[in-house]
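The structure under discussion appears below in the form of structure tokens.
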Amino acid sequence: MRISTLWPAAGRRKAKKTAALVVVSALLGILAVWSITAFLVIDKRQSLVEERRQVLGRVGSAVSLQVQNYFKVIEIFLGSVDHWSAKNPDSDLRFDEDFARMLTAFRDKTKQQIDIRLYDESGNIFFPPATSDAPLGNLAQSDFFQAAVAEKEGKIFVGAPFLTPVLKRWVIPISLPLRAKPHGISVIAGVVTLKTFGELYESARDKPNGSITLLRQDGTLMVRAPQVEGMIGKSIAAGALISTLIKEKPRGDVVKISDIDGRARLLSYESMPDYPLITVVTADMEDILFPSYEYSSYAGMVALALTLFMIVIAIQALTYLSLVEETHLKLSNEAATDALTQAANRRSLLHFAGSEVLRAQRYDRPLSLLMLDLDRFKEVNDQFGHQWGDEVLKQAAAAIQGVLRGTDFLGRYGGEEFAVIMPETSTTEAASVAERIRERVGQISLDTGNDKISTKVSIGVATLAPEDADVQALINRADAALYSAKRAGRNCVVCAPDPRPAGQFGQA
């Protein structure tokens with residue numbers, strides 16, 4: 001058994017615990033850095049989304065108010081025309097000069113952005129003031145005309161956008177049935193061009209990829225900026241979704257993939273209290289989160305730098321701990337090792353022997369001890385000098401160690417005496433090992449130039465007995481066996497009596 005496995009074990013355990021603490025601390029530090037980084041990035045993204053949500057809500061409210069004002073102006077004017085025609089049932093609205101002047105004033109006031117159309121009971125179109133009674137087209141199949149004809153309570157109806165048959169312009173109609181139906185004119189409609197709302201929406205939308213959309217509550221797309229060809233007047237899935245949300249609350253927001261361009265968008269919607277219309281203001285999520293990408297990159301670089309710093313510090317700490325452990329191990333080995341023979345010194349030998357005695361007693365396991373003494377060693381010193389005596393000791397220690405097993409422990413007990421602790425070993429097994437040691441030591445031959453030095457060894461063997469109170473009792477019995485070997489003529493092995501029954505622990 002190596003000395004390093006015995007004496008500094010507690011120190012190694014402490015060093016391993018310290019190294020583990022360094023590694024765990026570094027990992028926890030790295031985890032904390034990246035957790036904080038992730039939190040900051042997520043918080044930044046949430047802040048950007050919340051900030052844009054508030055902006056979209058304000059824009060949506062402002063746009064909704066302006067659109068409502070347009071429709072309110074049209075509604076008031078249509079109501080005025082209905083009231084005027086009821087008071088003047090004989091007047092033909094197509095040709096009446098007073099109505100024409102009222103209409104001209106209205107058009108001028110609205111800067112020609114709103115126009116008025118008349119429809120007879122068959123859906124024929126007339127532009128007042130007309131120059132003839134010939135209709136300019138027919139819109140009997142349009143939703144706004146049919147709704148006005150079916151209306152019994154005199155309410156207005158906001159129709160789907162359509163392309164005017166004469167001027168070929170997209171308009172949104174707001175229709176109202178006339179109670180008097182003068183000269184067969186049963187429906188009046190105010191129309192506002194999509195261009196009017198489109199310009200408003202374009203100036204207010206979030207650039208570059210935001211949009212503003214006017215929807216009817218049935219999901220019909222009325223106006224959108226930027227305009228998308230082929231979608232005007234058609235029902236879209238987003239419109240149906242928002243129509244459902246409107247039933248829960250009149251305004252709110254949601255993140256959704258756009259049905260029109262497939263981009264993820266933050267949608268802020270608001271219904272108009274007086275009209276079946278919804279304003280939807282959107283911002284592209286990429287545009288919203290773009291500032292966070294630079295922030296994330298910066299935060300990631302800082303986190304990476306801190307991570308590398310902690311890794312470097314941890315490596316340096318582990319390197320230092322390794323150096324300390326190596327130094328401690330070296331010093332411990334030096335303190336526990338006999339400098340001449342490299343066997344364990346007396347102190348470490350007794351420490352190990354004491355530990356093994358306690359273990360053997362606790363678990364009722366065999367433990368044997370060899371006490372070895374080089375025969376006539378004093379004569380070697382006297383005849384050849386201490387230099388050759390030291391060489392004999394080194395050669396003897398090497399020879400003994402060469403015979404021992406991995407679990408056996410060799411120590412220099414003092415002078416020319418050695419001791420071997422043999423865990424899990426019966427007297428018979430210990431005696432066999434002792435005999436091999438005796439033979440190996442007997443083969444030592446040193447050439448001094450003028451003579452040859454050979455040496456022999458006497459060995460006493462003792463196995464731990466129940467009456468052995470401590471390690472010293474075991475040593476005393478092995479020592480007694482050693483002196484018996486000396487008295488028997490040296491160069492032999494003598495075993496102390498084994499009080500255990502024959503056959504126990506492998507005893508022959």
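The values are calculated or read from the model by the stated rules, or taken from the named source; none is laboratory data. Every value quoted in this text rests on a predicted model; they were computed, and no experiment measured them. In this analysis, Cβ positions are derived from the backbone assuming ideal geometry, glycine residues included, and neighbour counts consider all displayed protein chains.
Among all residue pairs at least 6 apart or on different chains, which show Cβ distances below 6 Å where the first residue, located in region 458-472, is in the same structural domain as LEU482 (by TED's automatic domain parsing) and the second is assigned to a strand (DSSP E or B) and of a type in the set (Ser, Thr, Tyr)? Qualifying pairs under 6 Å: THR463/SER368.
Taking region 201-248 as the range and being buried (at least 18 other Cβ atoms within 10 Å of the Cβ), assigned to a helix (DSSP H, G or I) and modelled with pLDDT of 90 or more as the test, only TYR201 passes.
Right, PHE99: buried (at least 17 other Cβ atoms within 10 Å of the Cβ), touching a Leu at 6+ places or on another chain (Cβ under 9 Å) and not charged (D, E, K, R) or not? In short, yes.
When region 368-394 is filtered for residues that are of a type in the set (S, T, N, Q) and modelled with pLDDT under 95, the ones remaining, listed by number, are ASN381, GLN383, GLN387.
Has region 220-234 got at least one residue that is assigned by TED's automatic domain parsing to the domain that holds SER80, of a type in the set (A, V, I, L, M, F, W, C) and in contact with a helix residue (DSSP H, G or I) (Cβ under 6 Å, 6 or more places away or on another chain)? Yes - at least one qualifying residue is present in region 220-234. Comparison of SER132, SER175, SER85, SER91 shows that the only residue that is surrounded by 15 or more Cβ atoms within 10 Å (Cβ to Cβ) and assigned to a loop (DSSP other than H, G, I, E, B) is SER91. Evaluate the following for GLN342: is it closer than 29 Å to ALA430 by Cα, assigned to a loop (DSSP other than H, G, I, E, B), in contact (Cβ under 8 Å) with a residue 40 or more places away in the chain and out of contact with any Leu (no Cβ under 7 Å at 6 or more places or on another chain)? Yes.
Yes or no, residue by residue, for (1) within 60 Å of the chain's Cα centre (by Cα); (2) outside any helix (DSSP H, G or I); (3) modelled with pLDDT under 90; (4) on the phi > 0 side of the Ramachandran plot:
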| site | (1), (2), (3), (4) |
| --- | --- |
| SER80 | no, no, no, no |
| LEU103 | no, no, no, no |
| ASP108 | no, no, no, no |
| ILE116 | no, yes, no, no |
| SER122 | no, yes, no, no |
| LEU136 | no, yes, yes, no |
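Restricting VAL166, VAL191, VAL171, VAL187 to those that are in the same structural domain as LEU118 (by TED's automatic domain parsing) and under 55 Å from the mean Cα position of the chain (by Cα) reduces the list to VAL171.
Take ALA314 and decide whether it is out of contact with any His (no Cβ under 7 Å at 6 or more places or on another chain), outside the structural domain of ILE400 (by TED's automatic domain parsing) and in a helix (DSSP H, G or I). It would help to see each step written out before you state the result.
On the way: out of contact with any His (no Cβ under 7 Å at 6 or more places or on another chain): yes; outside the structural domain of ILE400 (by TED's automatic domain parsing): yes; in a helix (DSSP H, G or I): yes.
Yes: the conditions hold for ALA314.
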